[in-house]
Amino acid sequence: MQNNKPNRKNPRKSSYGTSRRSILKKSLKQEQVVFSTPIPDDPIVAIIGGGMSGLICALNLEKRGIRSTVFDTGIHGLGGRLGTRVIDPQPLVFDHAAQYFTVSDSRFAELVDEWMEKGLVREWQGVIGELEAGGCFLPVPPSSPRYIGTNGMRPLADSILSQTHMVNIVRPCWISRLDAFNGMWHLSENGKSRGQFDAIVIAHNGKCANRLLATSGLPLIARRMKSLELSSIWALLAAFEDPLPIPSTVTTNPFEGAFVKGVDALSWMANNTQKLFPSQSVGPHCWTFFSTAAYGKKNKVPQENVPNATAEKVTTGMLEGVEIALGLPKGSLPRPIYTRVQLWGAALPTNTPGVPCIFDPQGRAGICGDWLLGSSVEASALSGMSLANHIADYLQSGGTRPDEFTAGLNNEFQPVTGYDIGQFPGSEFTESTEQTTDTLTCEV
Ligand SMILES: Cc1cc2nc3c(=O)[nH]c(=O)nc-3n(C[C@H](O)[C@H](O)[C@H](O)COP(=O)(O)OP(=O)(O)OC[C@H]3O[C@@H](n4cnc5c(N)ncnc54)[C@H](O)[C@@H]3O)c2cc1C
């Protein structure tokens, strides 16, 4: 019988055919690229990743008069973890990662105000709270607004760059190689050239980024990325013919979103139909359920190739979790008319260097992303803004004083606090949650 267990002679291979250990070794051994060529008058930056951080980076580079190209793997649209799935023909609509976001920083507030004016986002007025296993729900009044994409998160992402003139978007495109020669970064996708650039931005993380950086000539950047730890979360999208039997304790309105406590398989549930289409009175109810990070870890498989048996097991396990959370008798949850399960293998950062951005001026390369400041939509936007301004300052300095522009290459990582689905900065909800869970009281 073939022995598939990883051992020294036969180390476990990643999905790219390279063992994790060999990727790490390569990254540490590689020689640092040092650019000494003058920076041209009209430089162009490549941004690899079209999630919130990459998009905001491009937007802010344009504000500083700098051209960029955003490369993103998204087949259906931009946004990364700002994902919305639309299932035809009904259609069923689900935000399948970020559910809502909060605002604590004035720079992000300014941007969100612009989106509000354009109708791209609006406040989520629905009841949100904490749901204890057994159906005890405690609403938490918002201490600051909760924002959602008006038509979902992905349409917001797709609109962020719609009025730009100096940003080129290439999608779907998976940048698989970075090579530095003749004073430029040369990008390619499986052997096909994707252009030459004066500086690069890595606006994604996880296995993909580790692999890309392993042979790039950027050991300082690669080392930072490798220190990042990420959780895994299962998302279950389920549509029900009728409203779910939500306990109406404390509030007269049924909740639309709940952080679930005390259920292994469930950390969050939200009625996306009520959230996105509050005036819709007919049609199926689309719910997004997220597992806990612990359940994600326990049931982890390659996300691009989820075995059917695992998909079935997780679907059943999470639906049972919904019953437990709502305090319903086993087997009494109405049968969904549609389900789809998906693993976010690199869901959320669990540690952070706590810096707005990382920049290696010798290699003319930077990193932005949620994980640099925490784990939220706001953190990713702030990181994108920060890196754009940093790169603009560097490029406009002519590149002659590189040492002045080193950023974020040495800070220690600290654990990230918050919910399994991220942080909600500016919302007292987040701060108070950890202290109040033990003392929740519930009118039944
Ligand atoms: C399940 C879940 C629920 C969440 N809920 C919330 C919430 O309610 N509120 C909140 O504030 N935050 C939430 N978050 C976190 C939030 O979604 C993220 O913090 C944020 O969207 C991250 O943006 P980013 O730009 O840093 O990265 P990403 O969104 O991951 O963007 C990276 C992009 O790069 C692309 N990419 C990767 N490799 C390559 C390559 N080689 N070439 C080209 N493109 C590439 C990816 O496909 C992706 O589109 C949630 C996250 C998850 C997973």
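The values are calculated or read from the model by the stated rules, or taken from the named source; none is laboratory data. In this text, all values refer to a predicted model and were calculated from it rather than measured experimentally. Heads up, the Cβs are rebuilt from the backbone with ideal geometry, glycines too, and the neighbour counts pull from every protein chain shown.
In segment 307-347, the qualifying residues are those that are among the β-branched types (Val, Ile, Thr) and closer than 30 Å to Lys207 by Cα, and the one that is surrounded by the most Cβ atoms within 10 Å (Cβ to Cβ) is Val314. For segment 137-144, check the following and say yes or no: at least one residue is in contact with a helix residue (DSSP H, G or I) (Cβ under 6 Å, 6 or more places away or on another chain), crowded, with 20+ Cβ neighbours inside 10 Å and part of a strand (DSSP E or B). No, segment 137-144 has no match at all. Consider Ser104 carefully, then state whether it is of a type in the set (S, T, N, Q), at pLDDT 95 or above and within 12 Å of the ligand (Cβ to nearest atom). Against the criterion (of a type in the set (S, T, N, Q), at pLDDT 95 or above and within 12 Å of the ligand (Cβ to nearest atom)), Ser104 qualifies. Picking from residues in segment 65-76 that are within 16 Å of the ligand (Cβ to nearest atom) and surrounded by fewer than 21 Cβ atoms within 10 Å (Cβ to Cβ), the one that is farthest from the chain's Cα centre (by Cα) is Thr69.
Residues are listed down the side, and each one gets a yes or a no for (1) crowded, with 23+ Cβ neighbours inside 10 Å; (2) within 16 Å of Ile39 (Cα to Cα); (3) in contact with a strand residue (DSSP E or B) (Cβ under 9 Å, 6 or more places away or on another chain):
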position: Leu373; (1), (2), (3): yes, no, yes
position: Ser380; (1), (2), (3): yes, no, yes
position: Leu387; (1), (2), (3): yes, no, yes
position: Thr400; (1), (2), (3): no, yes, no
position: Thr406; (1), (2), (3): no, no, yes
position: Asn410; (1), (2), (3): no, no, no
position: Phe413; (1), (2), (3): no, no, yes
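The residue that is surrounded by the most Cβ atoms within 10 Å (Cβ to Cβ), among those in segment 277-294 that are aliphatic (A, V, I, L, M) and within 17 Å of Gly345 (Cα to Cα), is Ala293.
Among the residues of segment 319-341, those that are touching a residue at least 60 places away in the same chain (Cβ under 8 Å) and touching a Gly at 6+ places or on another chain (Cβ under 9 Å) comprise Ile324, Ala325, Leu326, Gly327, Leu328. Screening the candidates Leu178, Leu131, Leu161 for the property of being crowded, with 18+ Cβ neighbours inside 10 Å and over 30 Å from Ile44 (Cα atoms) yields one hit, Leu131. Among the residues of segment 169-217, just one is among the basic types (Lys, Arg), out of contact with any Cys (no Cβ under 8 Å at 6 or more places or on another chain) and closer than 24 Å to Glu62 by Cβ, namely Arg171.
Annotation note: Cβ proximity below 9 Å between a residue of segment 62-81 that is within 22 Å of Leu178 (Cα to Cα) and a residue that is at pLDDT below 95 and within 14 Å of the ligand (Cβ to nearest atom) (sequence gap 6+ or interchain) occurs for Thr73/Cys208.
Those strands (runs of 3 or more DSSP E) of segment 337-444 that lie entirely within it include none in which at least 1 residues are modelled with pLDDT under 95, within 16 Å of the ligand (Cβ to nearest atom) and among the hydrophobic types (A, V, I, L, M, F, W, C).
Listed by first and then second residue, the pairs linking a residue in segment 232-243 that is more than 9 Å from Tyr338 (Cα to Cα) to a residue that is assigned to a strand (DSSP E or B) and not β-branched (Val, Ile, Thr), with Cβ atoms under 6 Å apart and 6 or more places separating them unless they lie on different chains, are Ile233/Phe290; Ile233/Trp344; Trp234/Leu343; Ala235/Phe290; Ala235/Gln342; Leu236/Phe289; Pro243/His285. The residues on offer are Leu333, Leu328, and the sole one that is within 17 Å of Thr288 (Cβ to Cβ) and away from the ligand (no atom under 16 Å from the Cβ) is Leu333. Filtering segment 385-420 down to residues that are under 18 Å from Arg224 (Cα atoms) and among the aromatic types (Phe, Trp, Tyr), which residue is farthest from the chain's Cα centre (by Cα)? The selected residue is Phe405. Within segment 47-64, the set of residues being more than 7 Å from the ligand (Cβ to nearest atom) and more than 21 Å from Gln99 (Cα to Cα) comprises Ile47, Cys57, Ala58, Leu59, Asn60, Leu61, Glu62, Lys63, Arg64. Is one or more of the residues making up segment 83-91 near the ligand (Cβ under 7 Å from one of its atoms), buried (at least 19 other Cβ atoms within 10 Å of the Cβ) and within 13 Å of the chain's Cα centre (by Cα)? Looking through segment 83-91, none of the residues is near the ligand (Cβ under 7 Å from one of its atoms), buried (at least 19 other Cβ atoms within 10 Å of the Cβ) and within 13 Å of the chain's Cα centre (by Cα).
Kindly list, by first and then second residue, each pair from a residue in segment 365-382 that is more than 20 Å from Gly426 (Cβ to Cβ) and assigned by TED's automatic domain parsing to the domain that holds Leu395 to a residue that is within 6 Å of the ligand (Cβ to nearest atom) and among the charged types (D, E, K, R), limited to pairs with Cβ atoms under 6 Å and residues at least 6 apart or on different chains. Close Cβ pairs (under 6 Å, with a partner that is within 6 Å of the ligand (Cβ to nearest atom) and among the charged types (D, E, K, R)) do not exist here. The residue pairs whose first member lies in segment 281-293 and is within 19 Å of Ile233 (Cα to Cα), whose second member is surrounded by 23 or more Cβ atoms within 10 Å (Cβ to Cβ) and modelled with pLDDT under 95, and whose beta carbons are closer than 8 Å, counting only pairs six or more residues apart or on different chains, are Phe290/Ile421.
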